[in-house]
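The values are calculated or read from the model by the stated rules, or taken from the named source; none is laboratory data. From a predicted model like this one, the values you see are computed outputs, not experimental measurements. All Cβ positions, glycine included, derive from the backbone under ideal geometry; neighbour counts span all protein chains shown. Accessible surface is based on the protein model in full, side chains and every heavy atom, while ligands, DNA and RNA are left aside. Shrake-Rupley method; radii C 1.70, N 1.55, O 1.52, S 1.80 Å.
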Amino acid sequence: MHDIRAIRENPDVFDAALKRRGIEPVSARILAIDEARRTRIQAAEEAQAERNAASRNVGVAKASGNEAEFERLRALVAEKKDQIARLEEEARAEDDRLADLLMRLPNLPLDDVPDGADEADNVELHRWGSPRAFDFTPREHFEIPGVLPGMDFEVAAKLSGARFVVLKGAVARIHRALAQFMLDTHVTENGLTEVNAPVLVREEMMYGTGQLPKFGEDSYQTREGWWLIPTSEVTLTNTVAGEILDAADLPRRMTAHSLCFRSEAGSAGRDTRGMLRQHQFEKVEMVSIVHPDQGRAELDRMTGCAQGILERLGLPYRTVVLCTGDMGFGARRTHDIEVWLPGQNSYREISSVSLCGDFQARRMNARFRPEGGGKPEYVHTLNGSGLAVGRCLIAVLENGQQADGSVTLPAALGPYLGGRTTLTATGDLA
């Protein structure tokens with residue numbers, strides 16, 4: 001959501017920022033709706049003043065016996081009542097038009113975000129680890145012999161259709177171990193508070209974090225009106241919706257491990273093999289609610305938290321800053337972390353960490369009281385994967401695969417697997 005006052009004061013700056021994201025100038029349209037809304041509000045206030053004055057004089061006219069003036073004033077009161085109702089309804093309609101338009105416009109990029117059209121224009125910031133040199137042709141995760149007994153796409157298709165998977169036995173345990181490892185690391189080392197929240201949310205929660213109204217087709221809605229979360233960013237961020245926090249309570253840092261649901265609208269034909277792109281998946285999410293002055297530093301801190309998980313697992317990765325054409329709807333700046341997948345011979349996204357500024361906070365009406373008093377201000381919000389559990393499982397399996405079909409597992413998972421460090425070629429832990 002955008003600040004209408006900022007658009008009134010600097011419409012050219014607003015249009016220039018949207019142009020960097022490929023959006024045509026829209027400030028003139030916004031300001032026309034805003035002017036129509038304000039004109040009707042002012043007219044309604046003037047009509048209310050006239051009605052109040054007439055109401056006060058009705059009694060005077062009646063008491064003085066001036067029947068003609070009494071009837072005129074009474075008719076005027078009724079007329080103004082109808083006029084006020086009409087003007088207020090017109091103002092509400094313009095306000096709804098304005099809110100809908102503003103809610104469909106993406107966030108404005110920070111000045112330091114590189115311009116570009118798509119992922120080809122993203123800029124690499126950091127690289128860690130070297131892709132392993134294999135003395136055999138590395139397989140994709142779903143082709144590794146030791147993985148085959150524990151990753152069943154045929155049963156999943158029977159149960160639910162395409163883009164689902166059933167994990168069993170040792171593979172399921174490794175998947176669970178990864179989530180536990182991530183959570184424990186974020187809580188004990190990174191200072192995040194663990195949260196276990198619903199995966200069904202009210203519609204206004206989806207509006208609050210920007211999934212609605214523009215991206216409804218990307219998520220699932222129940223018959224009762226709840227939405228299945230596409231990420232626990234929705235629940236974690238909305239914990240402060242409608243709240244006024246004390247400045248001393250900031251930053252508020254949270255993490256959650258949850259099921260996530262996405263329709264994958266528009267991704268037909270992409271990553272159809274394996275479990276890289278699923279309708280249902282698990283993710284460990286990070287969310288920070290911060291003072292406006294802390295946002296940019298917090299983005300780097302959260303990026304480091306996600307990178308640290310990959311480093312502890314020994315997985316090569318690179319971090320890129322997304323260009324204006326590839327950045328998500330609600331972000332002002334985004335760092336994507338891409339893990340190396342030898343089966344695809346490429347880096348693939350495993351985490352996206354974004355600074356949203358006050359964009360979500362305005363939609364949620366989430367504010368804080370400045371130290372020393374003053375008018376409440378909007379908090380700034382950030383979110384990021386720490387990490388996508390399924391994609392991390394893929395990376396662990398592909399990077400640790402051996403020529404005999406077994407997989408050497410990261411030492412960091414040993415405590416979660418009873419000390420076992422290998423997925424055998426027959427699908428057991430050893």
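Stokes-Einstein at 25 °C, 0.890 mPa s, Kirkwood radius from Cα pairs: D for the stretch 38-191 in µm² s⁻¹?
Answer, rounded: 100 µm²/s.
Which whole-number value in Å² is the accessible area per residue of the stretch 89-227, probe 1.4 Å?
Ligands and nucleic acids excluded, the figure is 57 Å² per residue.
Provide the three semi-axes, in whole Å and in decreasing order, of the ellipsoid equivalent to the stretch 1-90 as defined by the square roots of 5 times the Cα gyration tensor eigenvalues.
In descending order the semi-axes read 46, 10, 7 Å.
Which value, to two decimals, describes the C-alpha radius of gyration of the stretch 266-413 once divided by 2.2 N^0.38 Å?
For the stretch 266-413, the normalised Cα radius of gyration comes out at 1.23.
How big is the chain by the Kirkwood estimate over distinct Cα pairs, in Å?
Radius from the Kirkwood sum: 24.6 Å.
Compute the signed sum of charges (Lys and Arg +1, Asp and Glu -1) over the other residues within less than 15 Å, Cβ to Cβ, of residue 168.
Combined, the nearby Lys, Arg, Asp and Glu give 0.
So what's the gap between the Cα centers of the stretch 38-62 and the stretch 65-91, to the nearest angstrom?
Their Cα centres are 8 Å away from one another.
Using protein chains only and a probe of 1.4 angstrom, how many square angstrom of residue 82 are accessible, to the nearest 10?
Its accessible surface works out to 100 Å², give or take rounding.
Taking only Cα atoms, what is the 0 to 90° angle, nearest 10, from helix 27-64's long axis to the longest principal axis of the chain?
Helix 27-64 sits at roughly 40 degrees to that axis.
Which value, in Å², gives the accessible area per residue of the stretch 301-361 when a 1.4 Å probe is used on the protein heavy atoms?
For the stretch 301-361, the solvent-accessible area averages 23 Å² per residue.
Loop-only GluC sites (Glu not before Pro) in the stretch 334-430, please: DSSP not H, G, I, E or B, and at most 11 other Cβ atoms within 10 Å.
Filter output for the stretch 334-430: 371.
Averaging sequence separations of C-alpha pairs under 8 Å and six or more residues apart, then dividing by the length of the stretch 1-94, give the relative contact order as a whole percent.
31
Probe 1.4 Å, all protein chains in place: accessible area of residue 64 in Å², nearest 10?
Rounded to the nearest 10, that gives 80 Å².
Rank 252, 74, 362, 104 by accessible area, highest first, at a 1.4 Å probe radius?
74, 104, 252, 362
Sort out for me the Cα centre separation of the stretch 199-246 from the stretch 279-300, rounded to whole Å.
One Cα centre to the other: 16 Å.
Straight-line reach from residue 80: which lysines have a Cα under 26 Å away, not including same-chain ones fewer than 8 places off?
Residue 80 reaches 62.
May I ask you to derive the relative contact order of the stretch 131-178, considering only C-alpha pairs under 8 Å and at least 6 residues apart, and to give it as an integer percent?
29
With a sphere of radius 10 Å drawn around the Cβ of residue 245, what net charge do the other residues whose Cβ falls strictly inside it have (Lys, Arg +1; Asp, Glu -1)?
0
Please give the calculated 222 nm ellipticity per residue for the chain, where each DSSP H segment of at least 4 residues contributes -39500 (n - 2.57) and the sum is spread over every residue; nearest 500 deg cm²/dmol?
Helix-only estimate at 222 nm: -12500 deg cm²/dmol.
When each pair of different Cα atoms in the stretch 191-307 is counted once in the 1/r mean, what is the Kirkwood radius in angstroms, to one decimal?
About 15.6 Å for the stretch 191-307.
Relative contact order of the chain: what whole-number percent is it, with Cα pairs under 8 angstrom and at least 6 residues apart?
20
Would you mind computing, in nm to one decimal, how far apart the modelled labels at residue 38 and residue 421 are, each placed 7 Å from Cα along Cα→Cβ?
It is 6.9 nm.
On a straight-distance basis, which lysines could pair with residue 168 in a cross-link, Cα separation under 27 angstrom, same-chain partners fewer than 8 positions away excluded?
158, 283
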